[in-house]
1. Please note which helices (runs of 4 or more DSSP H) are completely contained in the stretch 25-121 and include at least 2 residues that are touching a Pro at 6+ places or on another chain (Cβ under 8 Å).
2. Considering the stretch 442-463 alone, what residues qualify as being in contact with a helix residue (DSSP H, G or I) (Cβ under 9 Å, 6 or more places away or on another chain), surrounded by 16 or more Cβ atoms within 10 Å (Cβ to Cβ) and outside any strand (DSSP E or B)?
3. For the stretch 264-279, check the following and say yes or no: at least one residue is under 30 Å from residue 60 (Cα atoms) and without any contact (Cβ under 8 Å) to a residue 60 or more places away in the chain.
4. Which condition breaks for residue 423 when tested against (1) at pLDDT 95 or above; (2) within 14 Å of the ligand (Cβ to nearest atom)?
5. Confirm whether residue 310 is more than 17 Å from the chain's Cα centre (by Cα), buried (at least 22 other Cβ atoms within 10 Å of the Cβ), at pLDDT 95 or above and hydrophobic (A, V, I, L, M, F, W, C).
6. Could you please give the count of residues in the stretch 87-117 that are surrounded by fewer than 21 Cβ atoms within 10 Å (Cβ to Cβ) and either of a type outside the set (Val, Ile, Thr) or within 27 Å of residue 176 (Cα to Cα) (or both)?
7. Working carefully through the options 493, 499, 474, find the one that is in a helix (DSSP H, G or I) and out of contact with any Lys or Arg (no Cβ under 9 Å at 6 or more places or on another chain).
8. Go through the residues of the stretch 378-390 one by one and say whether even a single one is on the phi > 0 side of the Ramachandran plot, within 11 Å of the ligand (Cβ to nearest atom) and either part of a strand (DSSP E or B) or under 27 Å from the mean Cα position of the chain (by Cα) (or both).
Amino acid sequence: MATKYIFVTGGVVSGLGKGITAASLGRLLKTRGLKVASQKLDPYINVDPGTMSPLQHGEVFVTDDGTETDLDLGHYERFIDENLNKYSNLTTGKVYWNVLNKERQGAYLGQTVQIIPHITNEIKSYIYNLAKSTEADVVITEIGGTTGDIESQPFLEAIRQVGIEQGPENCCYIHVVLVPYISGSDEYKSKPAQHSCKELQGMGIAPNVIVLRADGPVGSDIKRKISMFCNVRPDCVIENLTMPSLYECPLMLDAAGLTNVVVRQLHLTTPPTDLTEWKELISRIATRSRTCTIALVGKYVKLHDAYLSVMESLYHAGFETESKVNIKWVDSETLLDQDRCAEELAEVDGIILPGGFGDRGIEGMIQAAQYAREQHIPYFGICLGMQIMVMEYARNVLGYADANSSEFTPDGAHNVIALMPDQQGNIPKGGTMRLGKYPCTIKPDTTMARCYGKQEIDERHRHRYEFNNDYRAEFEEKGLTIAGTSPDGRLVEAVELTERPFHVGVQFHPEFKSRPNRAHPLFKGFVAAALQYQTEHTPTSHEVMMDQ
Ligand code: GLN
């Protein structure tokens with residue numbers, strides 16, 4: 001069977017949930033027995049999002065093969081549950097970088113290098129290479145930004161050309177548009193959608209399906225109008241309404257007919273959508289009986305998207321422990337001392353410290369780690385959060401008051417987190433970290449071993465600094481367990497206080513591998529420990545009466 005190509009563009013405004021539409025469709029097609037691969041083309045000039053501020057762009061999602069990608073790719077992995085690869089994210093910066101490198105190597109044999117065909121060919125090579133490398137039946141390509149942006153034009157031209165090369169029965173163009181609601185006249189408006197479609201059609205792309213993003217049902221008149229003015233079959237105008245949980249979107253879009261019209265457009269013969277597993281997930285979400293509160297301590301808390309995968313992983317763990325996880329966002333810069341920690345953290349059932357870079361807010365994170373350890377609150381440190389746990393332990397248990405990381409004090413006397421000897425030297429910022437999938441061997445009879453239930457695991461990394469082996473023996477003597485290492489024993493991948501229900505730090509990022517229907521074992525263990533902590537610390541009704 002020829003590979004089928006689906007392109008998802010966005011109109012009117014950005015941040016519409018194109019990614020969720022694309023990811024949901026991917027899941028729906030997968031349940032019809034198709035092999036689906038997905039990718040995002042981002043029009044910005046950065047070579048990858050690795051050097052962008054999490055406060056501007058949200059988290060950087062990392063794939064098994066170590067590609068630093070846009071956070072939408074996290075949605076693809078969570079919804080479709082297929083691992084992405086280096087062809088899954090392409091930016092204008094990377095396109096030009098590749099083309100200019102080829103030009104310098106003389107690869108264009110003296111030709112004038114131009115947007116069409118050289119830039120567009122480079123873009124198309126990513127689309128075709130994704131198809132080839134994954135042997136997918138269907139490739140879903142989302143174009144970032146909004147139709148009409150100057151910078152997305154070469155991408156739209158490239159996907160237009162794919163349509164010509166592959167033929168109409170092998171391509172489906174889906175345009176996701178906002179349908180705004182005007183409260184004064186109590187009506188939805190179709191005009192922005194019409195303009196946006198016209199713009200796309202002006203670039204030679206006639207959308208086959210229009211997805212209307214709206215908070216509530218827009219009504220059949222609006223749908224008919226959009227169908228007629230945008231030249232799209234009436235059943236191909238599909239509503240995508242705001243749902244209480246993102247994970248309800250596949251069900252809603254399937255019920256609205258999206259899967260059927262896409263399969264018809266692509267001339268695919270498939271069994272019907274099988275939503276049994278997904279429906280089970282949704283009913284588990286709806287029937288959770290408990291609630292727990294986890295403090296997420298970090299320095300990018302103003303933009304929750306900066307911790308998107310951590311947030312989702314906590315929710316997934318809640319789905320499997322029948323609990324709703326509330327996140328209390330705590331800006332680490334406010335945690336000046338233990339008294340402030342008591343004010344902010346006394347009521348929470350667990351403390352999570354996710355990844356981060358740079359020294360702002362570090363001292364507050366160390367305060368939070370100390371508070372968790374001394375008050376016996378379940379603690380989960382991820383990447384920087386593990387490094388913080390190690391630094392705190394060195395300061396307050398090993399007695400090195402100046403213990404630190406060479407990221408923050410390059411010449412410090414007790415850098416318990418440091419560059420490995422082979423990493424020393426002046427390192428540029430982009431693409432120089434330990435990135436992607438690495439194996440880890442777990443020590444038996446530890447929290448790590450209990451959670452994973454196996455000894456050999458692999459997880460994704462994104463960091464530059466490591467646990468400093470010079471201090472390894474001393475830490476172990478003073479009660480910190482080295483619970484996971486690289487298979488050769490050289491790199492420390494996980495530390496913990498084994499006698500606690502859950503006090504764990506990991507050098508890797510488990511959040512990238514959690515799925516809504518398969519919570520990550522560490523997140524599950526952490527949330528279970530938080531629920532247990534809550535049970536033990538909730539005063540019984542008898543105690544409450546005594547208090548009064
Ligand atoms: N800044 C730390 C390092 O580079 C931690 C990185 C992270 O948390 N992702 O090692």
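1. 72-80, 92-104
2. Once the filter is applied, which keeps residues that are in contact with a helix residue (DSSP H, G or I) (Cβ under 9 Å, 6 or more places away or on another chain), surrounded by 16 or more Cβ atoms within 10 Å (Cβ to Cβ) and outside any strand (DSSP E or B), the stretch 442-463 yields 443, 447, 448, 451, 452.
3. Yes; the residues of the stretch 264-279 include at least one that is under 30 Å from residue 60 (Cα atoms) and without any contact (Cβ under 8 Å) to a residue 60 or more places away in the chain.
4. All conditions are met except number (1).
5. It is false that residue 310 is more than 17 Å from the chain's Cα centre (by Cα), buried (at least 22 other Cβ atoms within 10 Å of the Cβ), at pLDDT 95 or above and hydrophobic (A, V, I, L, M, F, W, C).
6. Matching residues across the stretch 87-117 total 21.
7. 474
8. Yes.
The values are calculated or read from the model by the stated rules, or taken from the named source; none is laboratory data. Keep in mind that this is a model prediction, so the values were computed, not measured. All Cβ positions, glycine included, derive from the backbone under ideal geometry; neighbour counts span all protein chains shown.
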